[in-house]
1. I'd like to check which helices (runs of 4 or more DSSP H) are fully inside the stretch 22-131 and have at least 2 residues that are surrounded by 15 or more Cβ atoms within 10 Å (Cβ to Cβ) and in contact with a Ser or Thr (Cβ under 9 Å, 6 or more places away or on another chain).
2. With respect to the numbered conditions (1) touching a residue at least 24 places away in the same chain (Cβ under 8 Å); (2) among the polar types (S, T, N, Q); (3) within 22 Å of Asn117 (Cα to Cα); (4) in contact with a Lys or Arg (Cβ under 9 Å, 6 or more places away or on another chain), which one is the sole condition not fulfilled by Ser1?
3. Give me the residue from the stretch 10-21 that is more than 12 Å from the chain's Cα centre (by Cα) and small (Gly, Ala, Ser) and, out of that set, surrounded by the most Cβ atoms within 10 Å (Cβ to Cβ).
4. Taking only pairs six or more apart or across chains, which ones have beta-carbon atoms under 7 Å, a first residue in the stretch 116-129 that is more than 17 Å from Arg63 (Cβ to Cβ), and a second residue that is of a type in the set (Gly, Ala, Ser) and surrounded by 12 or more Cβ atoms within 10 Å (Cβ to Cβ)?
5. Looking at (1) of a type outside the set (D, E, K, R); (2) more than 14 Å from Leu2 (Cβ to Cβ); (3) without any contact (Cβ under 8 Å) to a residue 40 or more places away in the chain, can you tell me which one Ser82 breaks?
6. Kindly provide the set of residues from the stretch 39-64 that are more than 16 Å from Asp87 (Cα to Cα) and touching a His at 6+ places or on another chain (Cβ under 9 Å), ordered by number.
Amino acid sequence: SLDVKRVTADKVIGTAEEFLGTPHCMGGTTRRCMDCSGLTYASFAAHDIALPRSSQEQARYGRVITDRRELRRGDLVFFTRSYNSSDYITHVGIHLGNNRFIHTSTSQGVTVTPLDNPWWSQRFVFGTRVF
């Protein structure tokens, strides 16, 4: 489990949305540039919630949700094969509800994308409920 204290999903999402448009860079966690797990890490850290830095490690927290239709606002969503890596989990975002998630794209930076986007849909592994 993840100690989210008394913070709500909406507060963490609000922080993530403040990063919209931030360019992508591997290893980044700031408004200058960030990667996908940097976005989730920074959005939770702003509320004193200690989420690990990598998407592979972040996937170990929360209750696993395998059915996309059961995802709720604030659930973390995980993907595989988003780039060449030995890690199984290679991408993370935060579910916004209405079949959308906020994440960091290599081409668009921090952005909102539909979960049924063909590229992401085929790479979706599961979500986790941390709130």
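1. Working: elements: 36-45, 55-58, 118-121.
Those helices (runs of 4 or more DSSP H) span 36-45, 55-58.
2. Condition not satisfied by Ser1: (3).
3. Residue satisfying both the conditions and the ranking: Gly14.
4. Arg123/Ser82
5. Among (1) of a type outside the set (D, E, K, R); (2) more than 14 Å from Leu2 (Cβ to Cβ); (3) without any contact (Cβ under 8 Å) to a residue 40 or more places away in the chain, the lone unmet condition for Ser82 is (3).
6. From the stretch 39-64, those more than 16 Å from Asp87 (Cα to Cα) are 39-51, 61-64; that's our starting set.
Across the stretch 39-64, the qualifying residues are Leu39, Thr40.
Read-outs: derived from the displayed coordinates by stated rules, not from any lab. Remember, it's a predicted structure, so these values are computed and weren't measured experimentally. We place every Cβ from the backbone using ideal geometry, glycine too, and count neighbours over all the protein chains shown.
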